Structures are given as structure tokens and as C-alpha cells.
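Below: the structure, in C-alpha cells.
The values are calculated or read from the model by the stated rules, or taken from the named source; none is laboratory data. Given the structure is predicted, the values throughout are model-derived calculations rather than measurements. Here the Cβ positions follow ideal geometry from the backbone for every residue, glycine too, while neighbour counts run over all protein chains shown. Side chains are part of the model used for accessible areas, which takes the heavy atoms of the whole protein and leaves out ligands, DNA and RNA. Shrake-Rupley method; radii C 1.70, N 1.55, O 1.52, S 1.80 Å.
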Amino acid sequence: MFVENIKLALTALAANKMRTLLTMLGIIIGIASVIAIMTVGDAMNNSMLDSMGDMGINNVSVFISEKMQEDGSYSDRKMKDSDYFDVDFIESLKEKFKGKIEGVSLKQELGSVKVTDKKNYANINLKGVNRTAFKQTKAKIIAGRNLNSDDYVNGNSVVIVSDRYVNNIFDGDAEKALGQNVEVVLGSNYYSYVIVGVYEYQDRAGGFSAGGSQKDLETEAYIPIVKAMHQKRENQHFSDFDVVAASGQDPDELSTKLQEWINSSKYKDNDAYESYCYSMKADVEQMKGMVSMLQYAFMGVGAISLLVGGIGVMNIMIVSITERTREIGTRKALGATNGYIRLQFITEAVVVCAAGGIVGILLGMGLGAVITKVIHSHGMASPLGILCCVAFSMVFGVFFGYYPANKAAKLNPIEALRYE
């Protein structure tokens, strides 16, 4: 009986192709909207997590902050060398939290400079890094080598540049760039570094370089942090650094323990300064919540389209029953029960909504793919979400098809046969 009802439904719907298509349109738009929103929402979440991952989602940032006095004021004492973090203290921190952290990320900004060979130029941001800091950049070496232990320990005058730098200065020939010098002027001092590696630049701004051309794009160039500290003539003192949590460690919990230990050890007797530790985990959760709220809000708008489409299905089904009153009367006269007539018209409504749902899903996936490509991200609607949309469209068919189907089932066969 079920297969027969489907065949009858398809025959009836095919008899009025344009009306069937227009009836399905509301369902198609509603489902497509929901699927597209789910896809874009997933892309936004992925983009946010990628960005946070680049910034260090598992990192705990350690800062020095002014200590509040008993009267609520802050000391105006300038920082002394003893107020800063030094290499010995960082080593003791690594030993204290051994097993709970992957390492300590140390960076030293040297500034932005323009490198030129008189014919070509490239903008770089010169940055000193230790092994952990460079690992956190997730830079992919495409030519040459990484910074090695000898570079980090001895502070060799070596540098790793981006492929964009190579494009500008060496016409994209990475092998030609290896062994060449990067000559810069910082302040009144001249420095030269040998290129030992080239990394692949990852555009995190969606293909835009702050309004400038690709040639003017500024990319990072990495040197050993010992070399950077020597150039700045600083005694390896740090006002901040990042601690990378080990796998399985909660960054928030680690942040609290770090702050307690640092303040109870290094800053216990300090009259003006203390440490403040900060994890990005809470910010990530908050941003994910905001994205989810926006996603649900837009999905609510899509649901309104589904509701309108469902009402359209009900309306067309009522019209269809009116047109087929004599047919219903004939079926009843031949022995069709009320239940059979009801099931026949509910099946028609379900077929319309299911067909519209399938088309809507395909359209929504295509639309979502286009949008995510435009915003330079990646995302997809969850399989569970797609199944829910299919089920939802079929439930809509039953819900909005029941009233007209029940109306058809209750028709008096004699009056139906007399209907003109």
C-alpha cells in the first residue's frame, strides 16, 4: 500500500508540475537557508579556532603588572633588573612544571624594516625567537633548514624568511635565496644575516594585506633570540613570555597554578610588582558561544521560511482536494476507507516536503560552499544536521498535510460524487 500511495502521489504531483514546484519553493528556501547557515557557522568556528591556534590557544601568557598597595594605589617605582624575568628564573619554572608544560616561548621584537637590493625591496618584521616560539608559529619550511641548536645557543647571524620575501627579492627562486645575506639597519646600527631557510607564508587576513599590494606585504623574518637580545644590548631580561601547556593540561588551571607559584617565589617580597597569568581558553569559549548564538538566530529566520513553506503546502493540498472531490467520492464508493484516503493525501504532502528538503539540502550545501570560499575559510554542515533537516521536512509534510488529508477522508461519498 505504501508503494502504491507514493506512485499515486507522484502521478498527482506530476499532473501539476508548476504548482508542485511553487509549493516546494518555500521548503527549498527554508532548508537551503538552514544548511547554508550551518555551513557558514562551522566555517566561522573553524576560522576562529585557526586564528586562536596561531595566537596560542593552549598558551598561558605571563606578564608583569603593578602591585596594588593597601590603600588601593599603585607604586610609581620604575622597574629594576630584578623585577624582570631572567633566564635562570625561566629555567626554574620549566623544572617546577616539568611534565605539565611543553616549553616556554620567548620572543624579542626588533622592528619593521625595508630590505632592498637597489632594484627590488621587501618589508619584513624582524623577530628573535627561541625553539618553542618558532614551533608555535607553525611555519612550514619549504627550502633550506630550520634554526638548529647551534644557532639558538651561539646566537648565529642566520635568518629564516618567507616565500613572499623570496618572491620580491629573488624572483621566487628559494634555492637561490639560500646563503644570501639580509642586510638591515636598525636604529643607527647595521646588521647582516645569512638566509638558511624559507618558510611558506600563510595569509591570515583572507588575502588582504591591510589595504596594500602583495609586494608591500610585511612578513616575519626569524633569527635566534640570543642574537636579538645581543643586538638590543639587553641582559636577557623579559617582561613577558608564553608558557605552552602540555597535552591534556587545562590552560586555565595551569594559568592559576603558574600565577600562584611565580608570585609566591619571585615576587613574594616585591613591593611594587607581581605576575599576572592569562589563558585564552575563556575567550575562545566566549567567542564560540557568540558564534553559536548568531548561528541559532539566523537558523530561526530560516525556520520562519520553512513555516511559510509548510503553510503553502497545506494551502495547495486543500486546493488539490477541492479539485479532486469527485475522485475521492469514486474511491470511497469503490470501498476506500477513510484511513486510506487520509494516508494517500498525507503521502502526497510528505513527498512534496521530502523532495523540497532534498533539493534544499543540495542547494544549501552549494551556497554554503560558495560563501566559505569567498570568506577564505572551510566548513560544512554536520551530517546530523542534514539528517535532522530531512526528518524535519518530512515531519512538516505530515503536520501540514494532516488537516487537508483528514478533511478529504471525512467527505461524504454521495456529496463528493455530486460535486462539480
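Per residue, the convex hull around the alpha carbon atoms of the range 131-193 comes to 108 Å³. Annotation for Lys114 and Asn406: the two label points, set 7 Å from Cα along the Cα-Cβ direction, are 7.8 nm apart. Here the chain carries DSSP beta bridges of which approximately 75% are antiparallel, counting only pairs with both residues inside. Using Cβ point charges alone (K and R +1, D and E -1), the dipole size of the chain about the Cα centre works out to roughly 2140 debye.
With the simple spin-label model, which puts each label point 7 Å out from Cα in the Cβ direction, the Glu183 to Phe63 separation comes to 4.1 nm.
Report in % the part of the accessible area of the chain that belongs to carbon and sulfur, leaving out ligands and nucleic acids; probe 1.4 Å. Don't jump to the answer; show the numbers that get you there.
Details: 13050 of 22550 Å².
Accessible surface attributable to carbon and sulfur in the chain totals 58 percent.
Kirkwood analysis of the range 20-109, using all unique Cα-Cα pairs, places the hydrodynamic radius at 19.0 Å. Projected label points at Gln202 and Lys215, each 7 Å from Cα along the beta carbon direction, are separated by 2.9 nanometres.
Once the gyration tensor of the Cα atoms in the range 106-258 is diagonalised, the equivalent ellipsoid follows with semi-axes of 27, 19, 15 Å, ordered largest first.
Per residue, the range 79-123 exposes an accessible area of 61 Å² to a 1.4 Å probe, with every protein chain left in place.
Using a simple charge model, +1 on the beta-carbon of Lys and Arg, -1 on the beta-carbon of Asp and Glu, nothing else, what dipole does the range 253-350 show about its Cα centre, in debye to the nearest 20? Don't skip to the end; give the middle numbers.
Values: 10 positive and 10 negative charges, 182 e Å.
That gives the range 253-350 a dipole magnitude of about 880 debye.
Within the range 78-112, the trypsin sites (Lys or Arg not before Pro) that combine a DSSP coil assignment with at most 14 other C-beta atoms in a 10 angstrom radius are Lys78, Lys80. Stokes-Einstein, applied to the Kirkwood radius of the range 269-420 over Cα pairs at a viscosity of 1.567 mPa s and 4 °C, places its translational diffusion at 67 µm² s⁻¹. The chain gives an Rg/Rh value of 1.24, both radii derived from C-alpha positions and Rh following Kirkwood.
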